[in-house]
Structures are given as structure tokens and as C-alpha cells.
Amino acid sequence: PPDYTGLPPVKLDPNSTEALPIAQGSILMARVYGGSVVPRLSVDGAVTPFLKIDSLNYELNQTIEAGQRLSVASAERALADWPLNVIIDQPPTVKADEAPKATVRQALRLSYQAADDYGLAQVWAELRLAAPKGPAAADGAKNPKVTGPVLRLELPLSPPGARQAREAGFFDLTPHVWAGLEVELHFLAKDENGQVGRSEAIAVRLPERQFQHPVAQAIIEQRQILTRQPERLVRGALALFAIAKGPEAYAHDQVVYLALWTAARRLQFSHGESATAILEMLWQVALRIEDGGMSLAERDLRAAQDAWMAALAEGADQAEIEHLMDQLQKAMDKYLQALAEQTQRNNQAQGPQPIDPNARAIDAAELQKMLDRIRELSRLGAKDAAREMLRDLQEM
């Protein structure tokens, strides 16, 4: 059978007359011993002669793409004759498992179900800005086509080659220029044969980060202006200089001051170059002002979770799994520390906040028990259970 099926070779019985179920693209390897006439293969009447390899042996390698009957004959003598059932490889199917939704911290959660007759190779999502509605979408088109740039998000698949999968991925798209806008989302799945299946379109409004600190709001406002009007570099630079001149408004944070000053100077001397790196810098500065190291710690934690999941799915050795588990432990420790510092700052600025009575309370000791259990399960080879527990952790 072809490689994409993952099936073992099948030895045929020349005396059998039962139908042969074979995958499209399978290779028939046959050998005939003896006889003075070159044997021939016939597939639905299409004849292919064997190759003579010495005085007594003949050989043939033939790819079978279609046909209902296969026979081997020498002169007038039939050596083998089989009915064929050529199985056509079907493209994979994929659909949303649950509606896309935003987590508490504004990450986009995408979950899917996918299946293939032989095995899945890859699953991802593609996002495009939704077509305008109302008069702007007119031009006589009832169903305007969604075009333009594509944002591709790779989704987890464990293990690769599975015939069925049901997974979820988490993506922080709040820094993206499409944050807060409606997009059209498709799930896509590719099988080992390269065929791609596509889900129905899903309308999604991407999560948008709402900043509360006035300085962070001012920085994000300038970032949005530069995103939509990139020609306003000089005005953006002057605005950032003005924001930087009020250090008392951002607790005299020298990192913030230097970042704002650097971003402004780069805008002044960009000479029409792309401002992508500067926009990323402004986003990080706004996050630092808004919640200290919390966002960075959360990003590192999510990256550590994804790396551990990928290594487990790809069959990495135990040493690599242990190393990534150590990285996950460190990321979790930093996240909890940042969370505690953020809570303390908020309490000092706004007073103790009421706790949601419907929320689930979980402390550091419980989280540590989960991490220890995940490590133990991976050591015991219970990969599915370990992945399931880490998914629970991601949900939290």
C-alpha cells in the first residue's frame, strides 16, 4: 500500500478468487518463474509485460490506480485472477467542536473535531477579515467574497497520524491589528496524502484587550492610529515624546520611559520603513504599565504548555519531556508570582475586590499537585491522561 495509508504489505494468494480491497496507488510486485513466453499483467484489459531478469525469472512492479479485475497470464495460461476493489482515499473532515470563545484573559479558544480514513497530518485555522455589511458590501453581490490577508493558527494534533482527533488551542490575538474586529474562520485538516478538508465558515469577533491605566490607553490609542494611518509617523513620535515626559503618571518606570523615547526616535528616522517592530514595542510597554509582568508571564506559560504538548505528541524521549516539564514549572512559578503582584497592586490602588461567588477557587498547592501528577503520568507512559490534565490546566 502507499505510504499515506500506514498499512503493512499484503501477500496475495494466486489460488484465491476473492475480491482484493486495495488502496488507490498501491504497488503490485509480482514474480513468475519459468516459461519461454514473457508473462503479462492485465488490469481491465490493459496489458503490461513482465521484465525478464534472467533466463527463468520475470518480474513486474505496477502501480494500481483503478480497475475491477487483475490477472497474470503466461501464453494462454492464467496464473492468477482476482476481482479488484480499489479504495479511493477520501479527504479529511473537520468542524468546530464548540463555538470559538474568549477566555477570562481574552485568549481565543478554538476547538475542533477532525477525522480521516487513514490518518491526519495537520490541523489549523484560517482567519480573514469579514466582508463589509450593508451598503458598503453592495455592488450587486448578495454574497460578497471574503478576500485579503489570511491569519493562520496551527492547532494541536496528538498524536500525529491519528484517524480521529478532538483538540483545542489557545491564542492571544489581542496584540493583532484585527483585535475587536469580526473575522471569518475556517478549520482545515490535511491528511498524509496531502488532501485538505475545510469546515463551514464561522463568524467570530476577535477578543480585544481593554486597558484601564490612562497612560496605557494613550499608548494604545497612538498604536491604533499608526496601524490605520502609517503615514502619521512624525505626529506619532511627537505624541510618544509627550507621554514619556510625564514619568509620574507611570510610576517613574525607567523601562517605560526608555521604550517610549526609543519608539518615538525610531518613528522619526524610519524613512518609510515598516513600523511593525515599533507597534510590538508599544504593545509591550502598554502591558507593562497596565499589569506589570503579568502578560509576559502568561505568554511564557502558554508557550511552555504548547511546547510540552507538542513534544509529547511527537514522541520525544523522556529526557526532553522532563526538560520541558521543568520549563513549564518555572513558567508557572513566574506566572503565580506575577499574579500575586498584580493583585497586590490592584488592592492598593482600588481596595480589595469582591470575589465572584460562582468562580472556582484554586491555590498554588493545588496547581503544584496538578503539575506533579502530569509529570508522573508522562513518566508512566500515560500520555493521553497527561495531555487531558494539561488541557484542564489550560482551561483554568
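The values are calculated or read from the model by the stated rules, or taken from the named source; none is laboratory data. None of the values given here were measured: they were computed from a predicted structure. Note that each Cβ is placed from the backbone with ideal geometry, even for glycine, and that neighbours are counted across all protein chains shown. For the accessible areas, the whole protein counts, side chains as well, though only heavy atoms, and no ligand, DNA or RNA atoms are used. Shrake-Rupley method; radii C 1.70, N 1.55, O 1.52, S 1.80 Å.
Here are the numbers:
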read-out: GluC sites (Glu not before Pro) within the range 289-329: DSSP coil, no more than 14 neighbouring Cβ in 10 Å; value: E314
read-out: Loop-located GluC sites (Glu not before Pro) in the range 27-105, at most 15 other Cβ atoms within 10 Å (DSSP); value: E65, E76
read-out: Segment D392-A319, length gained on full extension (0.36 nm per residue, minus Cα span); value: 23.9 nm
read-out: Computed FRET value (nearest 0.05) for A75 with R198, which takes r as the C-beta separation and R₀ as 56 Å; value: 0.60
read-out: Protection proxy ranking, peptides 302-310, 218-226, average beta carbon neighbours within 10 Å, highest first; value: 218-226, 302-310
read-out: Accessible area per residue, Å², the range 146-198 with all protein chains present, probe 1.4 Å; value: 46
read-out: Distance-filtered residues of the range 168-199 - backbone nitrogen under 19 Å, label point 7 angstrom along Q217 Cα→Cβ; value: 180
read-out: Relative contact order for the range 136-285, counting Cα pairs under 8 Å that sit 6 or more residues apart, in percent; value: 17
read-out: Within the accessible area of the chain (1.4 Å probe), percent carbon and sulfur; value: 52
read-out: On Cα atoms only, tilt of 364-379 relative to the major axis of the chain in degrees; value: 20
read-out: Mean accessible surface per residue for the range 210-305, computed with a 1.4 Å probe while every protein chain stays in place, in Å²; value: 54
read-out: Surface accessible to a 1.4 Å probe, H213 within the full protein complex, Å²; value: 50
read-out: Mean separation of Cα contacts under 8 Å, 6 or more apart, over the residue count of the chain: relative contact order %; value: 10
read-out: Which of A311, I321, Q284, positive extreme of dipole for the range 284-388 (C-beta unit charges); value: Q284
read-out: Estimated dipole of the chain in Debye, rounded to 20 [Cβ of Lys and Arg +1, of Asp and Glu -1, Cα centre]; value: 1100
read-out: Pairs of lysine residues in the chain - Cα separation under 20 Å, sequence separation of 8 or more or cross-chain; value: 6
read-out: Dipole-positive endmost among I27, L260, A385 within the chain (Cβ charges, Cα centre); value: L260
read-out: Top positive-direction residue, dipole computed over the range 1-74 with Cβ charges, set A46, I64, S74; value: S74
read-out: Separation of alpha-carbon centers, the range 167-215 and the range 20-35, rounded to whole Å; value: 47
